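Here's the structure, in structure tokens; my notes come after.
The values are calculated or read from the model by the stated rules, or taken from the named source; none is laboratory data. In this text, all values refer to a predicted model and were calculated from it rather than measured experimentally. In this analysis, Cβ positions are derived from the backbone assuming ideal geometry, glycine residues included, and neighbour counts consider all displayed protein chains.
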Ligand code: 4NP
């Protein structure tokens with residue numbers, strides 16, 4: 001999950017998707033990063049932590065970090081919050097850039113519409129709740145997609 005500062009949208013997106021994955025019994029590793037390095041080492045924004053906590057999710061342990069080329073190699077799927085993040089990820093990835101891995105998160109909910117998750121950084125608490133709802137709905141779509149994928153993989157035999 002990638003946004004600009006890695007303190008408002010993407011740590012919340014990480015917490016929500018990781019939470020939904022564990023509820024669904026999906027063993028996926030979720031992480032987040034920012035395209036900018038303004039908040040490296042910082043915890044998520046107090047309002048992101050608050051709306052997460054109100055929904056039973058604890059994101060306080062996350063520390064802000066900057067997206068790097070190695071993330072493009074390491075992760076199977078990279079969701080960005082807006083088209084500026086998309087372009088910044090492409091730039092930071094250099095020759096590791098793989099467009100088949102990268103998608104605007106809201107395209108999972110509204111395919112092909114290229115909608116952005118708005119940056120709540122400059123606004124009030126209600127903006128964080130609105131972002132939470134968008135991330136929650138989009139993450140449910142992601143879970144459905146990968147739950148279906150997992151079901152098509154034959155399960156291991158246990159002797
Ligand atoms: P985020 O929000 O990209 O959702 O983490 C922002 C956080 C910090 C800044 C901008 C956006 N900033 O300019 O410091």
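For the range 71-81, a residue qualifies if it is farther than 14 Å from residue 34 by Cα and in contact (Cβ under 8 Å) with a residue 24 or more places away in the chain, and the qualifying residues are 75, 76, 77.
All but one of (1) within 16 Å of the ligand (Cβ to nearest atom); (2) assigned to a helix (DSSP H, G or I); (3) surrounded by 16 or more Cβ atoms within 10 Å (Cβ to Cβ) hold for residue 116; state the number of the condition that does not hold. Against the list (1) within 16 Å of the ligand (Cβ to nearest atom); (2) assigned to a helix (DSSP H, G or I); (3) surrounded by 16 or more Cβ atoms within 10 Å (Cβ to Cβ), residue 116 comes up short only on (2). So, in the range 27-60, exactly how many residues are in contact with a helix residue (DSSP H, G or I) (Cβ under 6 Å, 6 or more places away or on another chain) and modelled with pLDDT under 95? Qualifying residue count for the region: 1.
Taking the criterion of being surrounded by 15 or more Cβ atoms within 10 Å (Cβ to Cβ) and part of a helix (DSSP H, G or I), the residues of the range 91-111 that qualify are 92, 93, 101, 105, 106, 107, 108.
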